[in-house]
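Remarks on the structure that follows.
The values are calculated or read from the model by the stated rules, or taken from the named source; none is laboratory data. Note that the structure is predicted; figures quoted are calculated from it, not measured. Because the Cβ atoms are built from the backbone with ideal geometry, glycine has one as well, and the counts that use them run over all protein chains shown.
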Amino acid sequence: MNRNRGNLRLAAGTGLLLAVCAMAGSPNAFRTLVVVNTNSVDSVELGEYYAAAHGIPAHHVCRLGIATNLVSINSNEFSSLLLDPIHSHITAEGLEALIDYVVLCWEFPTRIRFVEGVSAALFYGYQNAPGYFDPPRSCKLPEYTSNAYYRAERAFRSADGWNGTNGFVAFHLIASNLATAKMVVDRGVAAQSSFPPADIHLHMIYGGSRGIREQLFSDAQFSFTSLPGLPLNFVLAPLYQNLSGQTHVIGYQDGYGGIPAVVRSSNVWLPGAYADHMTSSGGMIQDFQNSTNQSTILDWMGIGATASYGTVAEPCNYLAKFPDPVMGFYYARGFTIGEAYAMSVAAPYQGLFAGDPLAAPFAAPPVISVPFPAPFQIVTGTVPVQVTAIAHAQGVPAASLDYYLDGRFQTNLVTLEPAPGNRLSVTVGDWTHSATVTLTDTLFDAVAALADAVNADSSLAVRATACSDRLELVYTNYDRDGDHLPVSASVSQESATALTLGVGLAANSLIPSIYPAREYVELATYTTNGANAGDAITSIITLTNGVAVTNIIIAAQGETAAQLLDRLKDAINAHPALTNANGVVYDRLASSPSTSGAVFARSPGPEGRLIHLGYWISAVDTNGLVTDYSFSDYLNDNARESDILPRASILFHVRPTNGILETTVSVDTAGLSDGVHVLDFIARDGSAVAAQSRFSLPLVVGNESPQLAVLGTNGEGVVNNDLPDLTKGTDFGPVEWGASRTNTLAICNDGPASLSIAGWSTTGPGTDTFQVVGIPALIEAGGVSNFTVVFAPAVTGRFQVALGFDSDAVFPQTNILFAGTGVPRSQNIDFPALPDQIATNEILLSATATSDLDVEFSVADGPAVLNGPLLSFTNTGIVSIVASQDGNDLWEPAPSLTNSFMVMKALATVTLFDLWQTYNGAARPVSFTTAPADLKVDITYNGMDSPPTNAGSYAVTGTVQEVLYEGSAADLLAVAPAPLTVTADSQTKPYGAPNPPLTFHYSGFVAGDDATVLIAEPVAGTTVDVTTPAGTYPGAITVSGGLADNYEFHYVAADFTVTEVVPVRISALATDRQEMHVIFGPVEEGFSYDLFFCTSLTNGPWLSVTAMVATAPAESASLAHAISNPVRGFYRIATLAGQTNPPGLLFSGDPPLHLAPGLAAPGLVRNPDCTK
């Protein structure tokens, strides 16, 4: 079989170990000394826990025996018990110039002389400074206690000799109990380069003496905003507001005696979080308890912090003795929390640094890779190891590589410095300034030279400050011309052989300030009796527009300083001239009246710096107000003048030209014992942070011993704890239970001596599932022997076994992992095809599986339902039935089978009835029956849904409308016309008179019909005329000619009677010549008479005839024509049925009626010629 002796493990096998190696320990482990107290079991346990968690070598653990009941020690004891033994250990272990951090675990003294902190003394030396209670009893801050590393903004190196010592960033790893202390360790480890979404919160709850750090908040936040791109948020909380409900706290600072309950319980503290509060006793602890009633660093550890700070003795409220909030800016840049705290306290001699100093959630160290050799590769002779480091995704390239062997420093492989001749440049507005790197320049020297170049230009209203690798630019005029002034930076190779400088995060303009100018005021009284009546405070505020506002506060007897300043506050804040944007506001900077406060410009930025405040205190006697606090000044009390001025920052770094730092180290194994040795490579980025990464590479040296290497089926090496791999044959993959798979591997002895294998064993839950065959007892030097491993699962499941060899190999292989998966067996289904079906059928489905497991059925598509295996149908169409078997632990799900078939409707019969009907005005539907009974049938008539009403012949179709049935019938529906009788009406008339209208009447209309429904009405006719003699003529009146759709006509004739003529007379004639009354009579009932005027009544004197009216008893008669101004002709008057009285007509006119000679009276005449 093939084998690869040069590299026994390739990428597939090394991937996991590479990751494990790269994460093997903290990148700062080799810079850390862990100190444990052997007189405390808990101290030793915690120290070993810390060392293991961070991957700190055993020789970096310093074991001291100190009494566990010591809270404070004197300076000699500090040296003899702690400092000297620590240095002795460092010397003995060859760690000089390598240790930068010291971690004191658990029970150690925390104070020196009850004045100074042990961790502070380890950091920058014992100061021998007087305490508050040392005579004279007072607040003290000796100048010599200043910390040279304060705001250094560069990685701490003890060898750099900060503060004239080779001190360490020293922390007490301590909590109220051991479990919490271990949790602090876990937080520190978890924080490493985690880059969580995070917030730093700065609060001032109560103000006063514990709130004075508020004046530093603006500089801390401005440091963030003037360098865009930092990986967290910096939050200034509203004054007097508690931290509450925050879920991403990475930093918190405030001032109070006791931590509020809401701060303790309602926030989420991220791994790596720091928290401290400004108070007297934050570091005063004894026996893992607080020494006073104030909260301490123990409380913060319990709440969830990873690091904290507190003072071990009364510090007074000196800002220099407490952490500057700018430490959050350093932390965000990637410095460790130990460095951030050490850089933030200007005079830490009374301080106690607590927690895990190595936490660095925002460190972006280089990414190291070692392509050859592979981890745990067996090596001999001289081995070339190639090391490559590139920039972290959020960092800058590597600039330095160190090499450690078995935890001990060997050499620096490479360190880059700025190449002489490289140039740095910065452009502000239209001005560009540059600096060229000289022969011995460091990065910090180069940035400082660039700052000098900017500051040398007196015409430029910008001041530059070099902060290690950061160039800070501040506009210096008190106007707005600097706001958003463009800024850029660049580097160039120039005369150098290579470009080894780079520009990192950088602002692209000067960021305007959002902070107002301020000026502090104070007031005091000589005694507790307060002010004397007449004592006064006078403030004169002169605004930039020249307006001066004076407020004078006159004291009442006994009034306190705080009360007087509150009155001044109210006066200033209420004055109309001071409430505009160019005005000022007074804030006591405390939650209650205070003896100090500040006047703030109402608008942020530089203009407020030009507001002037005159503040004078006058006293009527020497025992009232203290007058020493009077002054006259501009608003210039901001902690940094640049707080109110536009600011920008630019980061520079050292880098390889192509961004890749690579080198090769030759490891000579001749001087190493056979066995496992670990190579560690430490890479540092090229910034001031010098963020470190660590890559651990374990190798097996086998110069003299036999070697036992297991080769996979592909010839690649397999080593202890290597995860089972399909390509190497150590993972057998899926095998059906009851079957087996055999893989052939090999044992290779590349060593110089024979390999003896005394035995082998398998352990683990898969022991019975794997069989190992053919392992030899002896393999000669350079020999190879095959062996087989059989995987035969009896059931399903994942099985793993570890194969171990009892051999004399240099690197024993005791845990070669094999794995395989017993999987269910496959099965199939037999599901016979189904024929087409009638919709009324029910089918009992049947199918079988080769596993003998029950087959399940489901309707995949179509109008069907299942009740268990019984299938029925709900409609017609294509039905698809799926047969499936889901399997179980032993059987795979079977491939499902689908049978499809057509479902058709069943046949039904329809019989139609009532096919002969007669028109009756209503719809004439037919009736039907079905077999099977009660089926729904749609009936149509000549294709229409509605039954017919009119007489006629109709094609009738009945169609079954059911889901499961079909069928139809057809016939004719006949609707006959209804009979209609038309009877002529008998008529009578006088002889010689025109025939009256001939009439008739109907009988037989149905459903409200009348003659209007007829197509043509019948017509009455007679043979009688005006010449017909008097007499009765039977049947003389006939009817005919009617036409209708729905009626059949039947006619009946009537008689016509002609009577003798009845004379007509003028019954009366008015004598008053105003009217003429003509009376007809006698008359017969029901007859009509024609009135004929032989001459026109409008002639002659009748020109004004206005009406012809009927008079009694003629009211019951009806005029056939309206008669008005009658002219010659016929006018008809008819009597009514039942009217026997003679009708009469009244003629009236105006002027009165004159009967002229020869004028005939009107009357009924036989002939219309006026002769009779």
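Among 734, 724, 776, which is the only one that is more than 24 Å from residue 822 (Cβ to Cβ) and not aromatic (Phe, Trp, Tyr)?
The conditions single out 776.
Every residue in the stretch 134-155 that is free of Cβ contacts under 8 Å to residues at least 40 places away in the same chain and either under 22 Å from residue 331 (Cα atoms) or in contact with a His (Cβ under 6 Å, 6 or more places away or on another chain) (or both), please.
148 - this is the single residue of the stretch 134-155 that is free of Cβ contacts under 8 Å to residues at least 40 places away in the same chain and either under 22 Å from residue 331 (Cα atoms) or in contact with a His (Cβ under 6 Å, 6 or more places away or on another chain) (or both).
State which residue pairs qualify: first residue closer than 19 Å to residue 204 by Cα and modelled with pLDDT of 95 or more and inside the stretch 216-241, second residue acidic (Asp, Glu) and part of a helix (DSSP H, G or I) in any location, beta carbons under 6 Å apart, and separation of 6 or more residues or different chains.
218/643; 219/643
Quickly run through the stretch 846-894 and pick out the residues that are under 15 Å from residue 826 (Cα atoms) and of a type in the set (A, V, I, L, M).
Matches in the stretch 846-894: 849, 853, 855, 890, 894.
Which numbered condition in (1) within 28 Å of residue 33 (Cα to Cα); (2) at pLDDT 95 or above is the only one that residue 375 fails?
Among (1) within 28 Å of residue 33 (Cα to Cα); (2) at pLDDT 95 or above, the lone unmet condition for residue 375 is (2).
Output the number of the condition that residue 467 fails; it satisfies all remaining conditions of (1) touching a residue at least 40 places away in the same chain (Cβ under 8 Å); (2) touching a strand residue (DSSP E or B) at 6+ places or on another chain (Cβ under 7 Å).
(2)
Can you name the strands (runs of 3 or more DSSP E) wholly within the stretch 782-828 that have at least 3 residues being within 52 Å of the chain's Cα centre (by Cα) and within 15 Å of residue 759 (Cβ to Cβ)?
Values: elements: 784-791, 797-807, 816-823.
Because the criterion is at least 3 residues that are within 52 Å of the chain's Cα centre (by Cα) and within 15 Å of residue 759 (Cβ to Cβ), the strands (runs of 3 or more DSSP E) in the stretch 782-828 that meet it are 797-807.
Considering only the stretch 651-682, state which residues are surrounded by fewer than 16 Cβ atoms within 10 Å (Cβ to Cβ), of a type in the set (S, T, N, Q) and over 30 Å from residue 508 (Cβ atoms).
Within the stretch 651-682, 663, 664, 666, 673 qualify.
Output the number of the condition that residue 921 fails; it satisfies all remaining conditions of (1) on the phi < 0 side of the Ramachandran plot; (2) modelled with pLDDT under 95.
The single condition residue 921 does not satisfy is (1).
Looking at (1) over 60 Å from the mean Cα position of the chain (by Cα); (2) closer than 30 Å to residue 863 by Cβ, can you tell me which one residue 1004 breaks?
(2)
Return a yes/no flag: does the stretch 514-532 have any residue that is over 39 Å from the mean Cα position of the chain (by Cα), surrounded by 15 or more Cβ atoms within 10 Å (Cβ to Cβ), among the hydroxyl-bearing types (Ser, Thr, Tyr) and closer than 18 Å to residue 448 by Cα.
Scanning the stretch 514-532 turns up no residue that is over 39 Å from the mean Cα position of the chain (by Cα), surrounded by 15 or more Cβ atoms within 10 Å (Cβ to Cβ), among the hydroxyl-bearing types (Ser, Thr, Tyr) and closer than 18 Å to residue 448 by Cα.
Of all residues in the stretch 172-182, which are of a type in the set (A, V, I, L, M) and touching a residue at least 24 places away in the same chain (Cβ under 8 Å)?
Residues satisfying the conditions are 173, 174, 175, 178, 181.
With the stretch 146-247 as the region, which strands (runs of 3 or more DSSP E) entirely inside it contain at least 3 residues that are crowded, with 20+ Cβ neighbours inside 10 Å and within 33 Å of the chain's Cα centre (by Cα)? Explain how you work it out, then say what you get.
Details: elements: 169-173, 199-202, 233-236.
By residue number, 199-202.
In the stretch 935-967, what residues are loosely packed, with under 14 Cβ neighbours inside 10 Å and either touching a residue at least 24 places away in the same chain (Cβ under 8 Å) or over 60 Å from the mean Cα position of the chain (by Cα) (or both)?
936, 942, 943, 944, 945, 946, 950, 953, 955, 961, 963
One residue is enough: does the stretch 706-722 have a residue meeting the conditions at pLDDT 95 or above and among the charged types (D, E, K, R)?
no
Please list, ordered by first then second residue, the pairs with beta carbon atoms under 8 Å, 6 or more apart or interchain, first in the stretch 897-914 and basic (Lys, Arg), second surrounded by 14 or more Cβ atoms within 10 Å (Cβ to Cβ).
Cβ pairs passing all conditions: 905/838; 905/839; 905/876; 905/962; 905/964; 905/965; 905/966.
Against the condition acidic (Asp, Glu) and surrounded by fewer than 24 Cβ atoms within 10 Å (Cβ to Cβ), how does residue 276 come out, does it pass?
Numbers: acidic (Asp, Glu): yes; surrounded by fewer than 24 Cβ atoms within 10 Å (Cβ to Cβ): no.
Judged against the criteria, residue 276 is not a match.
Is it fair to say residue 539 is out of contact with any helix residue (DSSP H, G or I) (no Cβ under 7 Å at 6 or more places or on another chain) and in contact (Cβ under 8 Å) with a residue 60 or more places away in the chain? Explain how you work it out, then say what you get.
Numbers: out of contact with any helix residue (DSSP H, G or I) (no Cβ under 7 Å at 6 or more places or on another chain): no; in contact (Cβ under 8 Å) with a residue 60 or more places away in the chain: yes.
Against the criterion (out of contact with any helix residue (DSSP H, G or I) (no Cβ under 7 Å at 6 or more places or on another chain) and in contact (Cβ under 8 Å) with a residue 60 or more places away in the chain), residue 539 does not qualify.
Residue by residue, here is whether (1) closer than 30 Å to residue 748 by Cβ; (2) buried (at least 24 other Cβ atoms within 10 Å of the Cβ); (3) in contact (Cβ under 8 Å) with a residue 40 or more places away in the chain holds:
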{"site": "292", "(1), (2), (3)": "no, no, no"}
{"site": "302", "(1), (2), (3)": "no, no, yes"}
{"site": "305", "(1), (2), (3)": "no, yes, yes"}
{"site": "340", "(1), (2), (3)": "no, yes, yes"}
{"site": "345", "(1), (2), (3)": "no, yes, yes"}
{"site": "369", "(1), (2), (3)": "yes, no, yes"}
{"site": "385", "(1), (2), (3)": "yes, no, yes"}
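Could you check the stretch 519-560 and list, in sequence order, the residues that are touching an Asp or Glu at 6+ places or on another chain (Cβ under 7 Å) and more than 15 Å from residue 624 (Cα to Cα)?
Of everything in the stretch 519-560, those that are touching an Asp or Glu at 6+ places or on another chain (Cβ under 7 Å) and more than 15 Å from residue 624 (Cα to Cα) turn out to be 519, 520, 544.
Any residue in the stretch 258-279 that is in contact (Cβ under 8 Å) with a residue 24 or more places away in the chain, among the aliphatic types (A, V, I, L, M) and part of a helix (DSSP H, G or I)?
Looking for residues that are in contact (Cβ under 8 Å) with a residue 24 or more places away in the chain, among the aliphatic types (A, V, I, L, M) and part of a helix (DSSP H, G or I), one finds at least one in the stretch 258-279, hence yes.
Identify, from the list 1053, 1011, 1020, the residue that is crowded, with 17+ Cβ neighbours inside 10 Å and either of a type in the set (Ser, Thr, Tyr) or without any contact (Cβ under 8 Å) to a residue 40 or more places away in the chain (or both).
1020 is the lone residue from the list that is crowded, with 17+ Cβ neighbours inside 10 Å and either of a type in the set (Ser, Thr, Tyr) or without any contact (Cβ under 8 Å) to a residue 40 or more places away in the chain (or both).
Any chance you could count how many residues in the stretch 67-93 are assigned to a loop (DSSP other than H, G, I, E, B) and either surrounded by 21 or more Cβ atoms within 10 Å (Cβ to Cβ) or at positive phi (or both)? Steps first, please.
Going through the stretch 67-93, the residues assigned to a loop (DSSP other than H, G, I, E, B) turn out to be 67-71, 74, 93.
Among the residues that remain, those that are also either surrounded by 21 or more Cβ atoms within 10 Å (Cβ to Cβ) or at positive phi (or both) are: none.
Counting residues in the stretch 67-93 that are assigned to a loop (DSSP other than H, G, I, E, B) and either surrounded by 21 or more Cβ atoms within 10 Å (Cβ to Cβ) or at positive phi (or both) gives 0.
Condition test on residue 649, is it under 29 Å from residue 254 (Cα atoms) and assigned to a loop (DSSP other than H, G, I, E, B)?
Considered against the rule, which asks whether it is under 29 Å from residue 254 (Cα atoms) and assigned to a loop (DSSP other than H, G, I, E, B), residue 649 comes out as no.
Take the conditions modelled with pLDDT of 95 or more, under 30 Å from residue 881 (Cβ atoms) and assigned to a loop (DSSP other than H, G, I, E, B) and apply them to residue 832. Does it pass? Steps first, please.
Values: modelled with pLDDT of 95 or more: yes; under 30 Å from residue 881 (Cβ atoms): yes; assigned to a loop (DSSP other than H, G, I, E, B): yes.
So residue 832 fits the description; yes.
In the stretch 660-669, is there at least one residue being in contact (Cβ under 8 Å) with a residue 60 or more places away in the chain and in contact with a helix residue (DSSP H, G or I) (Cβ under 9 Å, 6 or more places away or on another chain)?
The answer is no; no qualifying residue exists.
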